[in-house]
Protein chains: 2
Amino acid sequence: MEKRFFVEGSDKIDVGSKIILTEDEHTHLSRIMRLRVGDEVECFQDGSDVFVCKILMETKTATTLEVLDSYPCLANPKVDITLFQALPKLDKLELITQKLCEIGVSRIVPFYSKFCIAKPNEQKVERLKKIVVSACKQCGRTSLLQIDLPKKIAEILPMLKNFDFVLFANEKEDAKNIGSALLDMGKEIKGKKRPSIAYVVGSEGGFSPEEIDTLSKVCTSVSFGKRILRTETASIFVASLLCGMLEV
Amino acid sequence: MEKRFFVEGSDKIDVGSKIILTEDEHTHLSRIMRLRVGDEVECFQDGSDVFVCKILMETKTATTLEVLDSYPCLANPKVDITLFQALPKLDKLELITQKLCEIGVSRIVPFYSKFCIAKPNEQKVERLKKIVVSACKQCGRTSLLQIDLPKKIAEILPMLKNFDFVLFANEKEDAKNIGSALLDMGKEIKGKKRPSIAYVVGSEGGFSPEEIDTLSKVCTSVSFGKRILRTETASIFVASLLCGMLEV
């Protein structure tokens, strides 16, 4: 996937279409990868097929490509998995974003909980989007991992009801281990064409007792065993289990 | 686990024993956490119980503790999982070390393969040891994740024969998905008191065709599906699946 470039927007692209790369992608193609007129590259839009292109024209500021062929992208997730992540510090959210994109998660919904330390801003969303595009190029998927703007905890509660199964990483939970919860989940979603699964992970400070109560009522609480995982480790750990077992 | 300190060596420690902290741990206790004579903390040796201690004496250069009580550590891994990791760049090996310690892996054996870029040195081992101690404090285990000195690929081949089950993350493998390989493994190791499992992951450059041939002969080759994972993602992904499903 080394020579793959992202195309913004959702304009229909077909064989014969011309594509003008955004400035970022143009710079990457011409200055870093030093590709020239006539070279072949691949392009994709969010969720599209993969387009095989030839470089038609290259100036200092722009690259124009022509689509020669296309083929379906087999690397896109086959199950919709959404992480509801209580906002961690930025470097952790960046790591989570990169790893979950590779592993096969579809969407991250960051939210504020009582003990969150991090404060969000617009710039971060832009930065995370770049990480997503880069991870898509790395792993081969064309459907971007979607990252919502941060929500309040009260806003996510009704959203959780729309999923076929919701796991809640509850560090206070001694009973149900994640391994057996996942086997139960497998039975429950069996036969569904494209199941939707969500999981909820706390920030560095964890959840307040009231938040744990509220979340426990709408989610299946699970324990990760006897070790306490950092927030970013927990999010990657559960993503791996879900995507690995469900062959996402 | 905030006030937990690591004690070097394997001298037998009992209730009533005196412990003198190493310089690193002393500095952490006195300068960063600002704990004082009479305060209670926890200590551990590699694989030991957890020792509840009181600070007896504190000077500029040393802290002496007295052991008041001890209790068994329930957070230590119950299955022996070893990662054979073709040497990646240092920042990736650091991330793998931290995450695998939390998730529950017992040992990492770095090794050289044909396409490795990274070169090892002694300093790195010291640095990785610090990451391990810190991750143990975070997640609550007392048994350190063991990190071997880097080996040659020819040296690891006979080692792989000593495990009950060995997985090989083979990006050329289209057949067996990791999810179903793990279910097979579960049947195979069922009833074993303390099964030992290994898995082999390539570096950024992957393996040469000859290396893939050799490893395929002594391991169960598995595919991770249609996406290509970075080396550190692959190592964390498989650790999560193994530790989650086996309730390590």
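Can you spot the aspartates and glutamates whose alpha carbon is less than 12 Å from residue A:54's alpha carbon? Ignore those fewer than 8 places along the same chain.
Here the aspartates and glutamates satisfying the reach criterion relative to residue A:54 are A:39, A:40, A:42, A:66, A:69.
Along the range B:219-229, what does the Karplus equation 6.51 cos²θ - 1.76 cosθ + 1.60 (θ = phi - 60°) give for ³J(HN,Hα), rounded to whole Hz, x for Gly and Pro?
My calculation for the range B:219-229 gives 10, 8, 6, 9, 9, 9, x, 8, 9, 9, 8 Hz in order.
To the nearest 500 deg cm²/dmol, what mean residue ellipticity at 222 nm is calculated for chain A from DSSP H runs of n ≥ 4 alone, each contributing -39,500 (n - 2.57), summed and divided by the residues?
-10500 deg cm²/dmol
Can you give the extra length, in nm with one decimal, that the chain gains between residue A:60 and residue A:188 once fully stretched, where that is 0.36 nm per residue apart less the Cα-Cα distance?
40.5 nm
By Cβ position, which chain A residue lies least far from the axis that rotates chain A onto chain B, and what is the distance to the nearest whole angstrom?
Residue nearest the A-to-B axis, with distance in whole Å: A:240, 2.
Tell me which aspartates and glutamates have Cα within less than 15 Å of residue A:187's Cα, excluding those fewer than 8 residues away on the same chain?
Once the sequence-local aspartates and glutamates are set aside, what remains near residue A:187 is A:164, A:247.
Any idea what the residue B:188 label distances to the other copies are, label 7 Å down the Cα→Cβ vector, nm, shortest first?
3.2
Please enumerate, by chain and number, the aspartates and glutamates with C-alpha under 16 Å from the C-alpha of residue A:129, excluding those fewer than 8 residues away in the same chain.
Partners found: A:8, A:23, A:24, A:25, A:46, A:91, A:94, A:102, A:148.
Taking every DSSP beta bridge that has both residues in the range B:57-193, what percent is antiparallel when rounded to the nearest 5?
DSSP beta bridges in the range B:57-193 are roughly 20 percent antiparallel.
Rounded, prolate or oblate: which fits the range A:4-71, taking a ≥ b ≥ c as square roots of the Cα gyration tensor eigenvalues, rounded meaning a/c under 1.5, else prolate when a/b beats b/c?
Cα axes put the range A:4-71 in the prolate bin.
For residue B:176 and residue B:10, calculate 0.36 nm times their separation in residues minus their Cα-Cα distance, and state this gained length in nm to one decimal.
55.4 nm
Could you sort out which of A:137/B:217; B:130/B:217; B:119/B:226; A:89/A:161; A:172/B:137 sit more than 24 Å apart by Cα distance in this structure?
Long pairs (Cα-Cα over 24 Å): A:137/B:217; B:130/B:217; B:119/B:226; A:89/A:161.
7 Å along Cα→Cβ for the label point: how many nanometres lie between residue B:204 and each equivalent label in the other copies, listed shortest first?
Nearest first, the other copies' label points are 2.8 nm away.
How would you rank A:227, A:141, A:36, going from fewest to most other Cβ atoms within 10 Å of each one's own Cβ?
Result, fewest neighbours first: A:36, A:227, A:141.
On a 28 Å Cα-Cα criterion, which of the cross-link pairs A:92/B:190; A:78/B:190; A:193/B:176; A:92/B:3 come out too long?
Over 28 Å apart, Cα to Cα: A:92/B:190; A:78/B:190.
Bear in mind that the values in this text are calculations on the coordinates, not laboratory data. Remember, predicted model here, so these are calculated numbers, not experimental data. Using ideal geometry, Cβ is built from the backbone for each residue, glycine included, and neighbour counts are taken over all protein chains shown.
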